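Participant: Submitted below is the structure of interest, expressed as structure tokens.
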């Protein structure tokens, strides 16, 4: 279902936005002019997606700067650095705005970070920033691993670490004594080349080891001063590679060591902290299934045909499942919104050997055919969380667009066509990142699952009926005849799940029974607004003189959960009444696989009537009860029975 | 191609220096545009490098002080 009719999106790929860029610029300018900030933030996001780069950032930053000052929701961030960090300004303002926060930036002259912190009358404190960043390159903290490296003996290295430890502790404690603003401090990145060359990594006193000890000290200090957080600058440089990250030309010419293309990445890293600090971290991840958690469409390819497992592309989907799983363990609430047959999905969870995620990992599961925005609304209601805390992930651009329009609060991640890119796509923005993880976070998934289970019992049939009606199901009941006989026999032979007696018949065996007037039999075909399911059910009954005994009642798993069995029992009631019989008798013969049919008689008002040979007998007294046709079915008499 | 490069340079300059596209001409230079200071010069160079997928040497960066010399600098790289 999700593979077809995917229109090209301008936002996909690295190419400039082309046609959309001027329109998005104009739109965001208009929205800002009338102070529609929430809308402007969405448009800014689209603009940065379709035309990423300095020009868009400058455009947004200039327009955001012209907004009235002291607008509620605006935050001030101070950037203290040992280098020219002003080239980051536009990217930071634009990225934060697209993520929902208007930032005003205060930047003192570079390399004055010590004075700004130590001087109680500095502008840093006068500005009363909401957040402070301390961006200092390793060589600007300590000359030990750099210019002084070969002058230091081993115990001098220890003294260099102690000196750094003392200085950082003094600076951060002083800051904390004067400001309550959260402080984000960079840790120390390794340079591209090592002082000891190929020996460095092995040496206990190599440059890498020394920087490692400095980072250990930094981490200890950060943990000991309240509300200090560590920007993993070393991780960021590593992710992109030091040779890409740094621009030695600009380092030496303009004191701006970070390459132009990488400045935006650093801005995005700060925005993760800003998001977490303003309470904007997302809490719930809603995933699609087909071509998202596995490759292919289970309704078409079958459980054994979907791509999931050790070899590509199944391996890519497995990696993505690992990330979703890990997020769940971190406290993110997981949910599913999929257009599928519930039975197909259940089957994948139940028996696909490579599924890493279990159905129990998901606090809410919406599998059906209603609009995904409806599914997301139900999920949010059932979990009692706001849509502004939801992230939706889907490979289908049409579904993504539907959510963007219907539920703009939801953060939508449109997956690229290559499944190996899914992990990076979901990781990139750190949407779920928080500054602490509690035991409660780790248990949250369980709590929400329990709450969801209770809610779904209370929700009752109302929403389910809407779903059935929404399907616009048309049902065709037809006597078994020459045209339908092969399909009827085939269904008796291969239907295992929804099958009360699992009696296997050949075509001639069915034909032979139906030549006897005491036997009756029909097939059921179902069409819905998504297409024709063909013949999906078979019933055979025998007139015992007192009752109509149900010999066979089966349903293809494609349509389980849609009340087709109710319609079939209603038809059997009609047949029994037409023969002047007073009861319908059913028999359930349990097998290893037919649990889905186990409660069908009980659910429809049959009374238990003993049993024998491990089977259960059920009886519906037609003088007091009938099974009624579900009102959401349109009954057709001919046409699709082939 | 020259016309195309000229036009794209004009757009980058208009965006980064926040000046009117139509006002950019042969006399547009660091001496005549107030916002075109040394910091914005770096911003402009980085935006040009991003736009055209090129990298300028420091000598070239220092020579690109006017609209015509920026166009010439980009054309020399393309």
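Each value in this text was obtained by applying a stated rule to the coordinates, not by laboratory testing. Keep in mind it's a predicted model, so treat the numbers as computed, not measured. Here the Cβ positions follow ideal geometry from the backbone for every residue, glycine too, while neighbour counts run over all protein chains shown.
Participant: Quick check: pseudo-label points 7 Å beyond the Cα along Cα→Cβ at residue B:39 and residue A:300, how many nm apart are they?
Facilitator: 5.5
Participant: Does the stretch A:439-636 classify as rounded, prolate or oblate by the C-alpha gyration tensor (a ≥ b ≥ c root eigenvalues; a/c under 1.5 gives rounded; else a/b over b/c gives prolate, otherwise oblate)?
Facilitator: Prolate shape, in that a/c is at least 1.5 and a/b is the bigger ratio.
Participant: Can you give the Kirkwood hydrodynamic radius of the stretch A:67-277 from its Cα pairs, in Å with one decimal? Don't jump to the answer; show the numbers that get you there.
Facilitator: Values: mean 1/r = 0.0559 Å⁻¹.
After inverting the mean inverse Cα-Cα distance, the result is 17.9 Å.
Participant: What number in nm² do you get for the stretch A:293-427 if you take the convex hull of its Cα atoms and divide its surface by four?
Facilitator: Values: hull surface 30.2 nm².
About 7.6 nm², averaged over all directions.
Participant: Apply the Debye scattering formula to chain A, with a single equal point scatterer on each alpha-carbon and no solvent, then give log10 I(q)/I(0) at q = 0.05, 0.07, 0.12 Å⁻¹.
Facilitator: One equal scatterer on each Cα of chain A leads to -0.35, -0.61, -1.24.
Participant: Can you give me the Cα centroid spacing of the stretch A:385-418 and the stretch B:1-52 in angstrom?
Facilitator: Each part's Cα centre sits 37 Å from the other's.
Participant: For peptide A:87-96, what's the mean number of Cβ atoms from other chains within 10 Å of each residue's Cβ?
Facilitator: 1
Participant: If we sort A:109-121, A:127-139 on the protection proxy, mean other Cβ atoms within 10 Å, highest first, what's the order?
Facilitator: Order by mean packing, descending: A:127-139, A:109-121.
Participant: For each of A:584, A:589, A:24, count neighbouring Cβ atoms within 10 Å of the residue's Cβ, then give the residues from fewest to most.
Facilitator: Least to most surrounded, the residues fall as A:589, A:24, A:584.
Participant: Place a point 7 Å from the Cα of residue A:219 along the Cα-to-Cβ direction; which residues of the stretch A:181-208 have their backbone N under 13 Å from it?
Facilitator: A:187-188
Participant: How much FRET efficiency would the formula 1/(1 + (r/R0)^6) give for residue A:371 and residue A:204, where r is the Cβ-Cβ distance and R0 is 45 Å, rounded to 0.05?
Facilitator: According to the calculation, E is roughly 0.15.
Participant: Using a 7 Å offset from Cα along Cα-Cβ at residue A:496, what residues in the stretch A:328-360 end up with backbone N under 18 Å from the label point?
Facilitator: Once the point is set 7 Å along Cα→Cβ of residue A:496, A:343-355 turn out to lie under 18 Å by backbone N, inside the stretch A:328-360.
Participant: Still on this structure, please answer the following. Counting only other chains, and only Cβ atoms inside 10 Å, what mean value do you get across the residues of B:60-66?
Facilitator: Mean shielding count: 1.
Participant: Ranked highest first by average number of other Cβ atoms within 10 Å, how do A:535-541, A:155-161 line up?
Facilitator: Working: A:535-541: 25.0, A:155-161: 15.9.
The peptides rank, most packed first, as A:535-541, A:155-161.
Participant: Normalised by the number of residues in chain A, what is the relative contact order in percent for Cα pairs under 8 Å and 6+ residues apart?
Facilitator: Dividing the mean separation by the residue count of chain A yields 9 percent.
Participant: Would you compute, from DSSP H runs of 4+ residues alone, the mean residue ellipticity of chain A at 222 nm, taking -39500 (n - 2.57) per run and dividing by the full residue count, rounded to the nearest 500?
Facilitator: -12500 deg cm²/dmol
Participant: Extension gain residue A:180-residue A:603, at 0.36 nm per residue separation less the Cα-Cα distance, in nm?
Facilitator: Contour length minus Cα-Cα distance gives 146.1 nm.
Participant: Could I ask something else about it? Which order do peptides B:35-48, A:232-245 fall in by mean Cβ count within 10 Å, highest first?
Facilitator: B:35-48, A:232-245
Participant: Separate question: Would you calculate the separation in nanometres between label points at residue A:29 and residue A:240, each defined as 7 Å from the Cα along the Cα-to-beta-carbon direction?
Facilitator: Result: 2.9 nm between the two label points.
Participant: Given R₀ = 51 Å, what would the calculated FRET efficiency be for residue A:69 paired with residue B:76, taking r from the Cβ atoms and rounding to 0.05?
Facilitator: 0.70
Participant: Now a separate question. At a Förster radius of 45 Å, what calculated FRET efficiency corresponds to the Cβ-Cβ distance of residue A:621 and residue A:398, to the nearest 0.05?
Facilitator: Working: r = 51 Å, r/R0 = 1.12.
My answer for the efficiency is 0.35.
Participant: Would you please state which residues of the stretch B:36-67 a label at residue B:11 would reach in this model, taking the label point 7 Å out along Cα→Cβ and a backbone N cut-off of under 20 Å?
Facilitator: B:43-55, B:67
Participant: Partner chain Cβ atoms within 10 Å, averaged over the residues of A:56-63 - can you pull that number for me?
Facilitator: 3
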